Amino acid sequence: MESEVQRKARLAHEAARYMAAADTAAKNQALSCIADSLEAHGADIMAANAQDIARARQRGMSESMLDRLTLTEERIHDMAVGVRQVITLPDPAGKVLDEWDRPNGLHIQKVTVPLGVIAMIYESRPNVTIDAAVLCIKSGNACVLRGGSESIQSNMALTAVLKEGLAQAGLPEDAVALLENTDRALVKELLTERRYIDLAIPRGGAGLIQMVVQTATVPCIETGSGVCHVYVDRDADLDMAVRIVENAKVSRPSTCNAMETLLVHRDVAEDFLRRLAPVMARDAVELRGDEASCAIDKTMKAAEEADWETEYNALIMSVRVVSSLEEAMDHIRRYSTHHSEAIITNNAETAQVFQQGIDSAAVYVNASTRFTDGFEFGFGAEIGISTQKLHVRGPMGLDALVSYKYVISGSGQIR
């Protein structure tokens, strides 16, 4: 007897053939129906979400994580707007990337094709259900979704909307599947289902991502875990630095592109931290500093070794005073998750050394790490942020969800 994973993965695998053959108009029609259905069923979605919120509160979920879980009328509207934006994006499948003729008369084309069936494993953010499925549909893929148990009611309501949109466009409903059994054992089964799953993408905290990477026998992309740094250089505009640090930490601390560690050059540390402290106090940010930082700001807690490698997802920030650019870069190399790092400096040479020497997916000069996002990069949408180097890196838009094949036309050639 088939398990839920086997059955839904098999059906998605069968549906993937039809999705790969679907034209852009049919896929866009499905997305339009999904956007309309999201708004039409907003009350039902929020009612389902309320069940998840109530259960999460009883279990003591933090406020920042509750924020990730919560769906409001505005957020559902924004989701629908996001789906309609995907309609306007170019179809990534079926593009001729290159073509040429060989001396023997063979004509060769390199053409983009969908990956097949994508398994998405994610935690409390129910918006990922829509984001992931919509990008898979647009790129001609099928998907099997496995959200966190804390968002199961929300995800079921959203999946019903997705299936309704596919059916209205004449596309197979099985192109989107949600695992409704929240037993964690199913995740391992999904990640080792090589017959039907072509790629696994995790979205969540470091623990989830490492579990997926270490468990999967299907290809997977390491995404999302963000111990992001901002380094305030000796030649920084300190007022600019305060604004950037506040935005990078406070604007949405639960996201993977939020800053976790602040590094400050010792020549400006006292001046800068005295400017920053009242801003962080106003924003209710807890500061955990090294000895030099704590000596400047007596309200700081002493940082422990674990703080430098922690993705807080909360209003907590580690602070360290460094003696040089090299020391800042060494700290980042040691503790970074290769997501996003920033330097604040007016020294062009220093900025260039930093950008060349830091091996992360996104390296900023005089800008917040919060811009590491598919929409902000102009991709229109994203399915995740890759912190590895193959086959994609950084924000993953539609083009990350296709591969390619060679299409060869001949006239009887033999070798």
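The numbers here are math on the coordinates, done by the rules we state, and not lab data. Since the model is a prediction, treat every value here as computed from it, not as a measurement. Using ideal geometry, Cβ is built from the backbone for each residue, glycine included, and neighbour counts are taken over all protein chains shown.
Calculate the length of the line joining the C-alpha centroid of the stretch 384-415 to that of the stretch 33-91, in whole Å.
32 Å
Relative to the longest principal Cα axis of the chain, at what angle does helix 127-138 sit, 0 to 90 degrees, rounded to 10?
40 degrees
If you place +1 on the Cβ of every Lys and Arg, -1 on the Cβ of every Asp and Glu, and leave all else neutral, what size is the dipole of the stretch 228-371 about its Cα centre, to the nearest 20 Debye?
480 debye
If you line up the long axis of helix 325-335 against the longest principal axis of the chain, both from Cα atoms, how many degrees apart are they, to the nearest 10?
Once rounded, the angle reads 50 degrees.
Using only the Cα atoms of the stretch 293-415, what do you get for the radius of gyration and for Dmax, in Å?
20.7, 82
Filter K27/K249; K95/K163; K95/K188; K95/K249; K95/K389; K8/K138 down to the pairs with a C-alpha to C-alpha distance above 31 Å, please.
Beyond 31 Å between Cα atoms: K27/K249; K95/K188; K95/K249.
With axes computed from alpha carbons, what is the tilt in degrees of helix 152-168 against the longest principal axis of the chain, rounded to the nearest 10 within 0 to 90?
40 degrees
Relative contact order of the stretch 111-206, please, whole-number percent, based on alpha carbon pairs below 8 angstrom and at least 6 residues apart.
39 percent
Relative contact order (percent) for the chain, with alpha-carbon contacts under 8 angstrom and 6 or more residues of separation?
18 percent
Could you tell me which of S149, A236, G357 has its Cα farthest along the dipole of the chain towards the positive end, charges placed at Cβ (Lys, Arg +1; Asp, Glu -1), taken about the Cα centre?
My answer, from the dipole projection, is S149.
Across bins of 10 angstrom width beginning at 0, how are the C-alpha pair distances of the stretch 211-306 distributed, in whole percent?
All Cα pairs, binned at 10 Å, distribute as 14, 43, 25, 10, 7, 0 percent.
Could you check which residue among A361, A40, A12 shows the biggest mean-square fluctuation in a GNM of the chain with a 10 Å Cα cutoff?
A40
Which longest run of the chain has no exposed loop site in it, a site being GluC sites (Glu not before Pro) in a DSSP loop with at most 15 other beta carbons within 10 Å, and the site itself not part of the run?
3-179
For the stretch 141-279, what's the relative contact order in percent, using C-alpha pairs closer than 8 Å and at least 6 residues apart? Walk me through the intermediate numbers first.
Numbers: 158 pairs, mean separation 23.3, N = 139.
Averaging sequence separation for qualifying contacts and normalising by length gives 17 percent for the stretch 141-279.
With springs connecting C-alpha atoms under 10 Å apart, model the chain as a Gaussian network and identify which of A306, A22, A133 has the largest mean-square fluctuation.
Judging by the Gaussian network model, the answer is A306.
With the convex hull built on the Cα atoms of the stretch 228-371, state its orientation-averaged projected area in nm².
For the stretch 228-371, averaging the hull's shadow over all directions gives 7.0 nm².
Once the stretch 46-178 is represented by equal point scatterers at the alpha-carbon sites, with solvent omitted, what log10 I(q)/I(0) does the Debye formula produce at q = 0.10, 0.15, 0.16, 0.19 Å⁻¹?
-0.42, -0.76, -0.84, -1.07
Which residue fluctuates the most in the chain, going by a Gaussian network model with Cα springs under 10 Å, if the choices are T261, T182, T337?
So, out of T261, T182, T337, the one fluctuating most is T182.
Among G289, I221, A177, flag the residue with its Cα farthest along the positive direction of the charge dipole of the chain, charges on Cβ as +1 for Lys/Arg and -1 for Asp/Glu.
My answer, from the dipole projection, is A177.
Based on the alpha carbon coordinates of the stretch 266-329, what radius of gyration and maximum Cα-Cα distance (Dmax) apply, in Å?
Taking only Cα atoms of the stretch 266-329, I get Rg and Dmax of 11.6, 32 Å.
Here are some values of Cα Rg over 2.2 N^0.38 Å: (i) 1.18; (ii) 1.08; (iii) 1.03. Which one was computed from this structure?
Computing Cα Rg over 2.2 N^0.38 Å and matching it to (i) 1.18; (ii) 1.08; (iii) 1.03 gives (ii).
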